[in-house]
Amino acid sequence: TAIFQYHFPIAQSKFAIHAGFGLAYVHFYNIEVVDEVKLIAPELTFDADGTFATLFQLGGQWNFTEKLSVRFTYGKMFFDGDTVIESGLPILGKLTTTVKVDPAVTMFGFGYRF
């Protein structure tokens, strides 16, 4: 993931706002099928191609001291990936589809400046 962030300090305040955008590479591995689906089709497998995603962030940071801070960031990613579904049943064969995903990512952390 490569993210470009801009920090907006608020004059005479310990609070700052940050916004960012970036590009990420998403790789899928070990896609598991839930047990309820395995009961119907135990051979069912999913395979998704890796893909690039765009992401946006918005958040704030509170500086307790010059060196100690707390940060909250909300981010959103957007990507879609080609997916192959195999059931092992000859009648269905190999199915392909594109899956659109837009997860929200919430980050909370503490920072210490050296």
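Counting only heavy atoms of the protein chains, get the accessible area per residue of the chain (1.4 Å probe) and round it to a whole Å² value. Walk me through the intermediate numbers first.
Numbers: 8640 Å² over 114 residues.
That works out to 76 Å² for each residue.
What are the aspartates and glutamates whose alpha-carbon lies under 16 Å from the alpha-carbon of Lys94, with same-chain residues fewer than 8 places away excluded?
The reachable aspartates and glutamates, counting only those whose Cα sits under 16 Å from Lys94, are Glu43, Asp47, Asp49, Asp82, Glu86.
What is the percent carbon and sulfur in the accessible area of the chain, measuring with a 1.4 Å probe over the protein chains and ignoring ligands?
Percent of accessible area from carbon and sulfur atoms in the chain: 63.
Distance between the C-alpha centers of segment 57-74 and segment 3-25? Whole Å please.
Result: 10 Å between the Cα centres.
Counting other Cβ atoms within 10 Å of each Cβ, which trypsin sites (Lys or Arg not before Pro) in segment 20-71 have at most 15 and sit in a DSSP loop?
Values: sites: Lys38, Lys67, Arg71; in loops: Lys67.
In loop regions of segment 20-71 (DSSP not H, G, I, E or B), the sparsely surrounded trypsin sites (Lys or Arg not before Pro) are Lys67.
Any chance you could list P(r) for the chain, counting all Cα-Cα pairs in 10 angstrom bins from zero, rounded to whole %?
12, 30, 23, 17, 12, 6, 1
Setting aside same-chain residues fewer than 8 positions from Lys76, which lysines have a Cα under 20 Å from its Cα?
Lys100
The values are calculated or read from the model by the stated rules, or taken from the named source; none is laboratory data. Just so you know, these numbers come straight off a predicted model, no measurement behind them. In this analysis, Cβ positions are derived from the backbone assuming ideal geometry, glycine residues included, and neighbour counts consider all displayed protein chains. Ligands, DNA and RNA are excluded from the accessible area calculation, which covers all protein heavy atoms including side chains. Shrake-Rupley method; radii C 1.70, N 1.55, O 1.52, S 1.80 Å.
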